[in-house]
Structure formats: C-alpha cells, structure tokens
C-alpha cells in the first residue's frame, strides 16, 4: 500500500522551508513492489537481514543529509 506522504522538508538556519523532496512515481512503485514482497515472505531470517540493511541505509542517509546541510551552511 502506498503511503500518502513520501516527502520531507528541510529547514535552513533562516527558518525558511526548502522545497519538499518528493519521491518519483517510479520510486513509489518500487516501494509498493518491495512492500508486497515483504508482506508475502515467511523467511524470518531474510526479513531480519532486510531490516538490518534498511537500518544501515537509513543512518547513512541521515549522515549524508547532515553533511550536506553543514556544507551549505559553511560549518
């Protein structure tokens, strides 16, 4: 099932919101495809592995976003 909101907004030090970052239609379809595969999986070990991989990717994305903001702010 596609979730209604797949976007985030970053704020700069000036508190002016930047444009939202929206997923493309293709990305939304990929999310739906993999969500269905996860829902249909009975392999607990594979699901654990996917969860751990996603956790690492999420934290790497957070680090990359924080780095990009620091670069933009000149810190």
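Round to the nearest 0.05 the FRET efficiency obtained for residue 53 and residue 73 when R0 = 30 Å and r is the Cβ-Cβ distance.
That pair, residue 53 with residue 73, gives E of 0.45.
With label points built 7 Å along Cα→Cβ from the Cα atoms of residue 38 and residue 23, find their separation and express it in nm.
Rounded to a tenth, the inter-label distance reads 1.0 nm.
Bear in mind these aren't lab numbers, they're just calculated from the coordinates by the rules spelled out. The shown structure was predicted, so the numbers you read here are calculated from the model rather than taken from an experiment. We place every Cβ from the backbone using ideal geometry, glycine too, and count neighbours over all the protein chains shown.
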